[in-house]
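Chemist: Provided herewith is a single structure, encoded as structure tokens, for subsequent inquiry.
Coordinate-derived values only; no laboratory data. None of these values were measured; they are calculated from a predicted model. Cβ placement follows ideal geometry from the backbone for every residue including glycine, while neighbour counts extend to all protein chains displayed.
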Ligand SMILES: Nc1ncnc2c1ncn2[C@@H]1O[C@H](COP(=O)(O)OP(=O)(O)OP(=O)(O)O)[C@@H](O)[C@H]1O
């Protein structure tokens, strides 16, 4: 579904992504792991159109999407989750979801004056869709809470919910587990799994929590020094000498992360 070909992203003389080539299979939940500084987030940002590449190509279903801006990728169904922006924190969770689909009739002056009924219909449909998303994610109880008032884990679910307001095909998740308690982490993992199985979403997940990766992801791709080092199931990856060395080379803390210890 996604093919990354010899991708480079340089910051001055520093090669954050340095010739990465990898494939994301349609219908998979692919894990992207690697020691700190391996270039995972930078790769995400280039694929999702947030940063232009220095060189290389990104294909989606055979189409060259290299360097397309995020809003164009959004329309193609490629989404990267973002933290709820500060300015949306005073809106309710439901309103945050209702904001997602652009191009609503209410956005033009013409429609504001002449299309009141259409706007009301659209708003009703959006509201129903937002409520359905909240229910799917088992967070209906936070619909009327302000986004700034909910917990970190609930925010992650809401970010995931934003991808459900449009017809996402492939979703890039960066460290969904960071700072989230175990119970909510399992709720998030469950939501990802159900979106994958029931709605056909493909996911690419960057995560340091190996239990989370093991529970969800197959295959797992390991990045080190800006390129792909290995790919396989988590068990294969954990037994791979090159991978162990890459984690060890960046310090014991990283090695503990690979083995799934609290780090
Ligand atoms: N805008 C930037 N300018 C300069 N250097 C950058 C920039 N963004 C990232 N880097 C550097 O590129 C390298 C790769 O960073 P990146 O965040 O992609 O790694 P990562 O694998 O996601 O790491 P982590 O697991 O710690 O999040 C790091 O050394 C980082 O300091």
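Chemist: So how much slack lies between residue 82 and residue 218, counting 0.36 nm per residue of separation and subtracting their Cα-Cα distance, in nm?
Modeler: Between residue 82 and residue 218, full extension yields 46.6 nm more.
Chemist: Based on the Cβ-Cβ distance from residue 119 to residue 71, what FRET efficiency comes out when R0 is 22 Å, to the nearest 0.05?
Modeler: Given R0 = 22 Å and the Cβ-Cβ separation, E is 0.50.
Chemist: Could you sort the peptides 159-172, 56-69 by per-residue average Cβ neighbour count (10 Å cutoff), highest mean leading?
Modeler: Ranking the peptides 159-172, 56-69 by packing returns 159-172, 56-69.
Chemist: Please state the shape class of the range 124-223: rounded when a/c is under 1.5, otherwise prolate if a/b exceeds b/c and oblate if not, all from the C-alpha gyration tensor.
Modeler: oblate
Chemist: Given a cut-off of under 8 Å on Cα pairs at least six residues apart, what relative contact order in percent is computed for the chain?
Modeler: 26 percent.
Chemist: Report the residue, chosen from 125, 147, 16, that carries the largest GNM mean-square fluctuation when the chain is represented by alpha-carbon nodes joined by springs under 10 Å.
Modeler: It is 125.
Chemist: A follow-up question, please. Could you tell me how many degrees, from 0 to 90 and to the nearest 10, lie between the Cα long axis of helix 116-136 and the main elongation axis, the longest principal axis, of the Cα atoms of the chain?
Modeler: 40
Chemist: How fast does the chain diffuse by Stokes-Einstein, in µm²/s, taking the Kirkwood radius from C-alpha pairs at 4 °C and 1.567 mPa s?
Modeler: This corresponds to a translational diffusion coefficient of 66 µm²/s.
Chemist: Now, a different point. Have a look at 29, 150, 119 and tell me which one the Gaussian network model of the chain (Cα, springs below 10 Å) gives the largest fluctuation.
Modeler: Looking only at 29, 150, 119, the biggest GNM fluctuation is shown by 119.
Chemist: For a label point 7 Å from the Cα of residue 245 along Cα→C-beta, name the residues of the range 25-62 whose backbone N is under 17 Å from it.
Modeler: Inside the label zone: 35.
Chemist: Right, next: Comparing 38, 128, 48, which has the greatest mean-square fluctuation in the GNM of the chain with Cα pairs linked when under 10 Å apart?
Modeler: 128
Chemist: Cα axis of helix 152-164 to longest principal axis of the chain: angle in degrees, 0 to 90, nearest 10?
Modeler: 70
Chemist: Also, quick follow-up: Taking other Cβ within 10 Å of each residue's Cβ, how do 186, 247 sort, fewest first?
Modeler: Going from sparsest to densest Cβ surroundings: 186, 247.
Chemist: What is the distance, in nm, between label points placed 7 Å from the Cα along the Cα-to-Cβ direction at residue 21 and at residue 151?
Modeler: For residue 21 paired with residue 151, the spin-label model returns 4.5 nm.
Chemist: If you take the beta carbon distance between residue 259 and residue 140 as r and set R0 to 35 Å, what does 1/(1 + (r/R0)^6) give as a FRET efficiency, to the nearest 0.05?
Modeler: The calculated FRET efficiency here is 0.40.
Chemist: Next question. Mind pulling the per residue volume of the convex hull built on the Cα atoms of the range 7-84? Å³ is fine.
Modeler: In the range 7-84, the Cα hull volume divided by residue count equals 116 Å³.
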